[in-house]
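Please read the structure below before turning to the comments.
FYI, it's all coordinate maths here, none of it is from the lab. This one's a predicted model, so the numbers in the text were calculated from it and none came from an experiment.
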Amino acid sequence: MLNESNFFSDTKRELEDYVQNRILLLKMQVSGKIAGMVAKILLIILMGLIAITFVFFLSIMAGYYFSSITNSLSIGFGIVAGIYCLFAILVYLTRKKMYNFIANIVIQILLKNDE
C-alpha cells in the first residue's frame with residue numbers, strides 16, 4: 001500500500017512538473033514570436049519613414065522640374081499632385097489584393113515553425 005501511495009504521489013508530481021514545463025515552453029514560444037513581430041514592425045516603420053522622406057524631397061524636385069518645363073509653378077506642382085492622385089486611385093482599386101497579401105504574410109510569420 002505504501003508503494004502504491006508513493007507511485008501515485010510521484011506520478012502526480014511528475015505530471016504537474018510536465019504541465020508547468022509545457023506552459024513555460026508555450027510562453028517562451030509566444031514571447032519569441034511576439035518579439036520577432038515587434039522587431040519586424042519597427043523595422044518596417046523605420047524604412048517607411050525613410051522612404052516617405054525620400055519621396056517628399058523627390059516630389060519637391062519633380063515639382064520644380066515640371067515648373068521649369070511649363071514655366072508655371074502651379075502647373076508643375078499640379079502635375080506632381082496628379083501623379084499622386086493616380087497612385088491613390090491605383091491603391092484604392094487594388095486594396096483587397098493588398099489586404100490579402102499582407103494578411104497572408106502575417107499568418108505565415110505567426111505560424112512559421114522555427115524548429
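What is the Cα radius of gyration of segment 2-111 over 2.2 N^0.38 Å, N being its residue count? It would help to have the intermediate numbers written out before the result.
On the way: Rg = 28.5 Å, N = 110, 2.2 N^0.38 = 13.1 Å.
Output field value: 2.17.
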Quiz prompt | Global form of segment 15-80, assessed from the alpha-carbon gyration tensor, a/c cut-off 1.5 | solution = prolate
